[in-house]
Amino acid sequence: MTDLLTIRRPDDWHLHLRDGAMLAAVLPETARHFARAIVMPNLVPPVVTGAEAAAYRDRILAALPEGMGFTPLMTLYLTEETDPDDVAQAAKAGLVTAVKLYPAGATTNSASGVRDFDKVRPVLERMAEIGLPLCVHGEVTASEVDIFDREAVFIDKVLDPIRRATPGLRVVMEHITTSNGVNYVKSGGPDIAGTITTHHLIINRNAILVGGIHPHYYCLPVAKREEHRLALRRAATSGDPSFFLGTDSAPHLTRLKEHTCGCAGIFSATNTMSCLAEVFDQDAALDHLEAFASLNGPAFYRLPPNVARLTLSRGDPVAYPATIETPDGPVTVFDPGFPLHWRVDA
Ligand code: DOR
Ligand code: ZN
């Protein structure tokens with residue numbers, strides 16, 4: 001039995017850091033374990049231009065506690081007005097690592113997202129030319145489509161047509177939640193990858209709805225049936241380079257989750273590495289944790305893996321805080337529902 005596991009320092013390829021007081025409260029939770037993260041641009045107002053991404057990056061770096069090393073990898077929020085030249089310049093200057101596509105209305109702060117995909121064609125073509133990845137929130141928003149079907153329908157109706165129309169476009173299908181997503185990524189060749197969250201490896205839709213409504217397990221895309229969770233587990237733990245970690249750790253104040261209209265988002269930055277080690281251990285796949293958390297992501301993004309290492313050790317259940325405090329109130333930390341035996345060594 002392995003009781004000690006040393007891997008290259010992980011990266012989070014999908015993270016919400018917010019701004020202001022919330023940013024200051026949650027940033028150390030990620031920076032403690034992760035060297036880099038792809039930072040989502042869904043602020044209010046969203047991060048649309050290269051100049052806005054540079055300003056947001058500076059606010060993140062200013063909020064980083066002394067002595068913590070962390071590199072935010074910035075993204076631009078794709079709108080129907082996005083200027084292909086601005087995107088290309090920001091990429092060339094090293095200011096942005098990807099562009100994020102939110103279908104309008106799909107999730108938190110997505111009102112400025114895309115309604116008419118023809119309008120963003122020039123931007124996507126430019127991105128294909130320069131090799132800049134498109135991060136995709138893969139859900140249709142049409143009210144007649146059942147919320148549990150929105151990912152599968154998106155693949156057929158939106159993502160596959162976009163990819164066929166834009167050869168060479170590099171796509172990250174983010175936070176996949178279905179076997180449809182797994183299969184699409186697996187069969188899609190080298191220009192597509194998929195991120196998987198920590199929580200979608202652990203919960204299925206029962207966690208949200210059985211025995212009362214559990215708002216802290218509500219996120220988008222919503223967790224699906226058990227068969228889908230198992231498909232995600234197999235993909236993540238297989239070592240397949242097409243799949244890597246994007247936690248989608250998304251802080252909301254506890255009182256806004258426990259609300260008549262509770263916000264979507266699960267905050268897992270604090271205990272993600274312990275959760276993942278437990279999951280990979282449960283599936284006898286600890287030897288693939290490094291690929292999922294530290295190697296496959298940089299390979300897809302054409303960045304070097306981190307040189308620094310992270311060591312985890314197995315022992316008595318780990319204590320972690322139930323909440324992270326902010327000046328506006330607490331944020332609830334993801335509860336995996338089982339004890340975590342793997343701790344990240346200091
Ligand atoms: O659950 C989610 N929360 N899904 C998203 O796509 C957005 C995120 C957020 O920003 O809170
Ligand atoms: Zn997200």
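The values are calculated or read from the model by the stated rules, or taken from the named source; none is laboratory data. These numbers were taken from a predicted model, which means no experiment stands behind them. Note: ideal-geometry Cβ built from the backbone for every residue, glycine included; neighbour counts use all protein chains shown. Accessible surface is based on the protein model in full, side chains and every heavy atom, while ligands, DNA and RNA are left aside. Shrake-Rupley method; radii C 1.70, N 1.55, O 1.52, S 1.80 Å.
Structural remarks
- The requirement of being under 13 Å from LEU15 (Cβ atoms), open to solvent by less than 20 Å² (accessible area, probe 1.4 Å) and either away from ligand 2 (no atom under 16 Å from the Cβ) or modelled with pLDDT of 95 or more (or both) is fulfilled somewhere in segment 272-281, by at least one residue.
- Within segment 67-166, helices (runs of 4 or more DSSP H) holding 3 or more residues that are away from ligand 2 (no atom under 16 Å from the Cβ), surrounded by fewer than 23 Cβ atoms within 10 Å (Cβ to Cβ) and of a type outside the set (Asp, Glu): 84-92, 121-130, 160-165
- Residues within segment 199-222 that are assigned to a loop (DSSP other than H, G, I, E, B), open to solvent by 30 Å² or more (accessible area, probe 1.4 Å) and touching a strand residue (DSSP E or B) at 6+ places or on another chain (Cβ under 9 Å), tallied: 1
- Test result for LEU95, farther than 24 Å from VAL120 by Cα, aliphatic (A, V, I, L, M) and more than 16 Å from ligand 1 (Cβ to nearest atom): no
- Candidates THR270, THR260 - the one that is polar (S, T, N, Q), in contact with a helix residue (DSSP H, G or I) (Cβ under 9 Å, 6 or more places away or on another chain) and in a loop (DSSP other than H, G, I, E, B): THR270
- Test: residue in segment 290-309 that is part of a strand (DSSP E or B) and either surrounded by 16 or more Cβ atoms within 10 Å (Cβ to Cβ) or touching a residue at least 40 places away in the same chain (Cβ under 8 Å) (or both): yes
- Only residues that are among the acidic types (Asp, Glu), within 16 Å of ligand 1 (Cβ to nearest atom) and without any contact (Cβ under 8 Å) to a residue 60 or more places away in the chain were counted in segment 159-215, giving 0.
- Subset of segment 278-316 [more than 23 Å from HIS200 (Cβ to Cβ) and of a type outside the set (S, T, N, Q)]: ARG302, LEU303, PRO304, PRO305, VAL307, ALA308, ARG309, ARG314, GLY315, ASP316
- Pairs with Cβ under 6 Å, 6+ apart, first in segment 243-258 and over 18 Å from HIS200 (Cβ atoms) and within 11 Å of ligand 1 (Cβ to nearest atom), second open to solvent by 10 Å² or more (accessible area, probe 1.4 Å) and in a loop (DSSP other than H, G, I, E, B): LEU256/CYS263
- On inspection, ARG36 qualifies as more than 16 Å from ligand 2 (Cβ to nearest atom), in contact with an Asp or Glu (Cβ under 6 Å, 6 or more places away or on another chain), touching a residue at least 60 places away in the same chain (Cβ under 8 Å) and closer than 21 Å to SER294 by Cβ.
- Meets criteria (over 21 Å from ILE203 (Cβ atoms) and under 19 Å from the mean Cα position of the chain (by Cα)) for LEU124: no
- Looking only at residues in segment 239-263 that are touching a Lys or Arg at 6+ places or on another chain (Cβ under 8 Å) and not small (Gly, Ala, Ser), the one that is least open to solvent (accessible area, probe 1.4 Å) is PRO251.
- Residue check, GLU52 within 27 Å of SER242 (Cα to Cα) and either in a helix (DSSP H, G or I) or of a type in the set (D, E, K, R) (or both): no
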